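Down below is the structure, laid out as structure tokens.
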Amino acid sequence: MIDLQEIHLLFCRYGLTLAVAESCTAGLLAGRIADQPGCSGWFRGGVVAYHNDVKQRLLQVPGELFEQHGAVSEPVARAMAAGVRVTCQADLGLAITGVAGPDGGTADKPVGTVYLALADCDGSEAIRCRFDGDRTSVRQQSVEQALLMLKVRLIASEMA
């Protein structure tokens with residue numbers, strides 16, 4: 001498991017803030033972050049946007065992205081991350097969208113397919129993951145991978 005104390009110290013050192021947008025994890029990421037004492041100094045909050053209408057209204061994800069790429073896609077993950085950053089007035093936005101299962105998968109996006117995105121004022125980065133296991137396992141792995149993505153980004157900022 002990712003050490004949240006290290007992430008906490010990095011956020012405090014840089015004076016940055018974070019907001020999260022979650023679909024398939026439905027608040028697990030926000031809950032994991034809130035387990036860290038003192039996170040209120042840098043964690044602005046999050047949006048659980050399970051339905052596409054909520055992604056559009058609260059996160060400003062353009063409807064065309066759903067039509068062209070589907071809700072589980074890199075463009076939607078990037079838009080979610082950028083949108084939550086603006087909505088919550090945070091320096092960084094971290095987003096998760098995926099197919100946790102047990103159904104809902106397709107040949108192109110089987111169960112366990114998850115997109116993660118991290119946005120700042122200069123743009124965003126995204127990754128596609130493929131996790132094995134049941135619904136609970138896919139969701140937990142998604143949260144840990146998102147925290148790893150965040151940690152790597154913060155450490156890279158430290159090196160710059």
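An oblate overall shape is assigned to the stretch 1-139, the ratio a/c of its alpha-carbon gyration tensor axes (a ≥ b ≥ c) being 1.5 or greater and a/b not exceeding b/c. Spin-label pair A156-Q68: with each label point 7 Å from Cα along the Cα-Cβ axis, the two points sit 2.4 nm from one another. DSSP beta bridges fully contained in the chain are about 60 percent antiparallel. Here the spin labels are modelled as points 7 Å beyond Cα on the Cα-Cβ line, and at L16 and L58 they lie 2.4 nm apart. Each Lys or Arg adds one and each Asp or Glu takes one away; over the other residues whose Cβ falls under 14 Å from the Cβ of G27, this sums to 0. Dividing the summed helix terms, -39500 (n - 2.57) for each DSSP H run of n ≥ 4, by the number of residues in the chain produces a 222 nm estimate of -14000 deg cm²/dmol to the nearest 500. Neighbours of G93 by Cβ distance under 10 Å: Lys/Arg scored +1, Asp/Glu scored -1, total +1.
Charged neighbours of C129, selected by a Cβ distance under 13 Å, balance to +1 (K, R count +1; D, E count -1).
All of the numbers you see were taken from the coordinates with simple rules; none came from a lab. These figures come from a predicted structure and were not determined experimentally. Cβ: placed from backbone, ideal geometry, glycine included. Neighbour counts: every protein chain shown.
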